[in-house]
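Nothing in this text is a laboratory measurement; each read-out follows from the coordinates by a stated rule. If you're wondering where the values come from, they're calculated on a predicted model, not measured in any experiment. Virtual Cβ from ideal backbone geometry, glycine too; neighbours counted across all protein chains shown.
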Amino acid sequence: MQRIAFTMKLKPGQKDTYQKRHDAIWPELKILLKNSGISEYSIFLDDNTNTLFAFQKVSGKSDSQSLAQKDIVQKWWDYMADIMEVNPDNSPVSVTLEEIFYLP
């Protein structure tokens, strides 16, 4: 089991919208994530910097960042692009974090 963490940036004032959209995450996206081996996925927000911290437990070699070619993922990116910092393809600007400590 891999543990993967990364950061993303939320645009100022978009916390409630981001929360609302994730509370109603599309069922087909949820199924894709689970079927891709993502058993846990948490996102935390630092209100002071609008930085989102994401953590996933993944079995196999896939994580949410490697599903870019899936239509439903691209549609989700388009849906979220107005409230997040994004790349030209609307994927979230994200920075993969290196794990430097783990206490099992």
Check: For the stretch 2-97, with the dipole built from +1 on Lys and Arg beta-carbon atoms and -1 on Asp and Glu ones, taken about the Cα centre, which of 36, 54, 93 lies farthest toward the positive end?
Finding: 36
Checklist line | Distant-in-sequence amide H partners of residue 26 (H built 1.01 Å from N, under 5 Å) | finding: none
Note to self: Starting from the 7 Å offset along Cα-to-Cβ, what nm value, one decimal, do you get for the label separation of residue 11 and residue 40?
What the structure shows: 3.3 nm
Next item on the list: Would you please put 96-102, 6-12 in order of how densely packed they are, using the mean number of other Cβ atoms within 10 angstrom per residue and starting with the highest?
Entry: 6-12, 96-102
Checklist line | Whole-Å semi-axes of the ellipsoid equivalent to the stretch 2-97 (Cα gyration tensor, √5λ, descending) | finding: 20, 15, 13
